[in-house]
Every structure is written in structure tokens, then in C-alpha cells.
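Written out below as C-alpha cells is the structure these notes cover.
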Amino acid sequence: MEKPTVRIALIGYRFMGKLHSHAYNMVQQLMDPPCRIELAVLCGRDSSALKAAQEAWGWREISTDWRAVVARTDIDAVDIAVPGNAHAEIALAALAKGKHVLCEKPLANTLADAEAMVDAAEASGKVHMVGFNYRRAPAVQLARRLIDEGRLGKIFQVRGTYLQDWAADPNVPLTWRFDRSVAGSGSLGDLLTHVLDMTRFLVGDFEEVTALSHTFVARRPLPANFSGTGLGHAGQAASDSFGSVDVDDVTAVLARLEGGVIGVFEATRFATGFKNALCLEVHGDRGAIRFDLERMNELDYYAVETEEPTRQGFRRILATHPDHPYMQYWWPEGHIVGYDVTFAHEIHDWLSAIIRSQPVSPDFTDGMRCQAVVDAIASSAQKRVTVSL
Ligand code: SOE
């Protein structure tokens, strides 16, 4: 039987747009999805850059008018891969036009916007998803399996860090990632949200937070000719004029979670030596796990009872066996996968949910709950108090 077709409009063509475009192609070619994927329209503001992206990634059409695109009757699903300040407006318009929506993280820049997005998504009956892609790293899914099987027992503590260092150079220009009106926040919304979501996925919800945020470099050169990812490389020439940074460079959090779990978290763009290290450690009375995105094919697992004390220790599971989550789509055992497959897994599951008329997680409600934790953290850091959720 012929597979149904899902016609996609992707809003955004830079770093995330490139990843999503690549992921659609991987899903179609390698993951046997339950639909045919039509890369219908790629949308953005710069038509010559769009044209180049269209040719490279195989989109049928381009458009510089997202309002017209989400209203088209020949589009089934809208994928939002632009900075956070545009998420709510585009998602609400797409849902109102009866489209399924995948929205990049963080879901919105404010809790009020996130709540409005949840209301609209639930009322629409369409499949909605927020792009916390790291949930779908095979080793993270394996961690979830081990926890579901009770192998960690009663969980005591969780420790999560997301460490990058690209902003430690004060000459990195003032791109949108340093602008609260566009990005919502700095390391908190961009990086810590991944850790918060992974914690919610593996351990549970947040009850109380106490936070501290800091901005090390308060003024940065204005970008002369910005065309990159905003991560400080990609040949951006800074100018002689400077502007103010109004987001956090680092945020640290102490938290209580449901079930009496204690959490310690940190996100920073100033951890010199670390490029993209998302590390999560979970400790229970029967065992522990440790995941590090810079070694994303591996899960460290410690089982309290299996060995005599002198032989105990963490062991490394290479999560590439065909029975490990998602690995049936990829290569022979030990032939590792990378960052991009997490987006392919996310898009595969979103499209499968659309075809089967089923919900998928993380959905807009997960995105909104994460935003509630972000709000509590920002308010705790600003007022220097503990905030309950
Ligand atoms: C940049 O800091 C960034 O690309 C984030 O925006 C992504 O969400 C994260 O996956 C990697 O770092």
C-alpha cells in the first residue's frame, strides 16, 4: 500500500534549519517512516540565502512570508526552527490553520506564551512537539529503560551540567543569542533547558529552585556582517561599536524534585575547554548512570549489587547494539552515530505520531512545564530567594 504523504513547511534555515533539513532527508532515506515526506516550503527572511539552502537540501519552494506559508492548504505540518521570540506567533497561527507543529526549544520566551501555545495545541487536536532532541540520543533512551526497570532503585540525587566555552572570548560579537528580546535568556534558555528537560524525562518534576546567574562580559562588539550560528565562529567580523549583553552567561541551580530527589545544575558558555558537554548523572540506592553528550554513544552504568566491593565500579555500555533504542536504523554494532541523528529520531517520531493520530512527547505541555522551571530559576536568581513551583 502506498504511504500517505506529509507536506512540510520549515520556518528557519540557519543552524537548526540545516539540521532539520538534513534530518528529514535521513528519515526518508534510512528510517522507513510510515509516510512519504514532501519537503514543500523552506521559509526565511533572506531570499538569496534561502535559494542556496533550497538547492543544497532539496526543498521544492522557498518563501519569505511565513504567514502566507502556514495558511497554505497544501501544507500539513509546520516545523519552527527560528529564535524563541518568534515561536509563539508562528505556532499559534499554524495551529489555527490546522497544521501539526514541531517547535524548537525553548518552547517560548515567556511562560504566558508557552501556556497560550499549550491551550491552542490542545484545542487543535493536532500533533505538537517541542524539540528537546537529546531525549532521543540512544544512550539517553537506554538510561530511561534502566530507570524504568528499577535498576537504579530509589533515586537520591541528579546532577546536570551543560558546558560550552564559545562566549568566553570577549570579541565574540553581540549576536541574537545575547539579546533577551530575541533569545529570552542566555545559558539558561539555550542550554539549561536541555538539562531540565532530560531531568524531567529521567527523574521527575521540579518542586523548588534556588539559583544564581552572572554575566561576565557585559558589552560586546556589534556584529558587522552576521551570517553564522551565533556561536562565535563562522567568520563573523566584529565592528568598532559596542552594545550591551542583557542575558546570563552562566546559571547555577540547587533544586528539590518530586520524591525527595535533590538536584544540582549548571549551564555556562564560559567553561573554557568544553565545547558541547551536556552531562547528567543520576544516583539511586541500587545503581547510578552517567551520560555525557561529548561521548554520546556511551552510557556509564554502576550497579551496587553485582560485584563484591573490591570489583565495583562504573562500566561503559556502548549503546549501539541493534536492540538499543533507535539503533536498528543505523550501522553495525560499534559504528557510532552523531548529534544529527537525535533530530532524525525526533522528526521520525513526530511524523509517525501524525500518521497514527497519536500524541508524542516531549509535547507543548512538556515545553511549558520546562518554561515554568526557567521562570522560577530566573526569578530566584533575580530576587535571591528560593522559588517554589
Ligand atoms: C548553542 O548554544 C546550541 O546550539 C543550542 O542552541 C542547542 O540547543 C544545543 O543543542 C547546542 O548548543
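Read-outs: derived from the displayed coordinates by stated rules, not from any lab. All values reported here derive from a predicted model rather than from experimental measurement. Every residue, glycine as well, gets a Cβ built from its backbone with ideal geometry; the counts of neighbours run over all protein chains shown.
Brief remarks on what is shown
- Full-stretch length increase - Thr73, Gln157 - with 0.36 nm per residue and alpha-carbon distance subtracted: 25.3 nm
- Fewest-first sequence of Met117, Met327 by Cβ atoms within 10 Å of each Cβ: Met327, Met117
- Taking one quarter of the surface of the convex hull spanned by the alpha-carbon atoms of the chain gives a direction-averaged projected area of 20.1 nm².
- Oblate is the label for the range 61-186, because a/c, from the alpha-carbon gyration tensor with a ≥ b ≥ c as root eigenvalues, is 1.5 or above and a/b does not exceed b/c.
- Taking 18 Å as the straight-line reach from the Cα of Lys97, the lysines in range (excluding those fewer than 8 positions away in the same chain) are Lys126.
- Theoretical FRET efficiency, 1/(1+(r/R0)^6), r = Cβ-Cβ of His22 and Glu122, R0 22 Å, to 0.05: 0.10
- Taking GluC sites (Glu not before Pro) as exposed when DSSP calls them loop and at most 10 other C-beta atoms lie within 10 angstrom, the chain has its longest site-free stretch at 150-304.
- Of the residues Leu163, Leu254, Leu192, the one with the fewest other Cβ atoms within 10 Å heads the list, and the complete ranking is Leu254, Leu163, Leu192.
- Subtracting the Cα-Cα distance of Glu307 and Tyr339 from their residue separation scaled by 0.36 nm leaves 8.1 nm.
- Cβ-derived FRET efficiency at R0 45 Å, Tyr329 paired with Ser244, nearest 0.05: 0.45
- Measuring between their Cα centroids, the range 183-216 and the range 264-303 lie 15 Å from each other.
- The trypsin sites (Lys or Arg not before Pro) found in the range 39-70 that occupy coil by DSSP, while having at most 14 further C-beta atoms within 10 Å, are Arg45, Arg60.
- Inter-centroid distance (Cα atoms) of the range 315-333 relative to the range 27-67, Å: 30 Å
- By other beta-carbon atoms within 10 Å, ranking Val158, Val101, Val130 with the fewest at the front produces Val158, Val101, Val130.
- Taking other residues whose beta carbon is less than 15 angstrom from the beta carbon of Leu152, and scoring Lys, Arg as +1 and Asp, Glu as -1, yields +2.
- The overall shape of the range 289-389, judged from the alpha-carbon gyration tensor, is oblate: a/c is not under 1.5, and a/b is no greater than b/c.
- Relative contact order for the range 5-134: 23 percent, from Cα pairs under 8 Å spaced at least 6 residues apart, divided by residue count.
- Partner aspartates and glutamates for Lys105 [C-alpha distance under 15 Å; skip if fewer than 8 residues away on the same chain]: Asp79, Glu89, Asp113, Glu115, Asp190, Asp197, Glu346, Asp363, Asp366, Asp375
- Along the axis of the charge dipole computed for the chain (Cβ charges of +1 for Lys and Arg, -1 for Asp and Glu, origin at the Cα centre), the listed residues Val101, Ala52, Gln164 are led at the positive end by Ala52.
- Calculated [θ] (222 nm, deg cm²/dmol) that DSSP helices of n ≥ 4 give over the chain, each run adding -39,500 (n - 2.57): -9500 deg cm²/dmol
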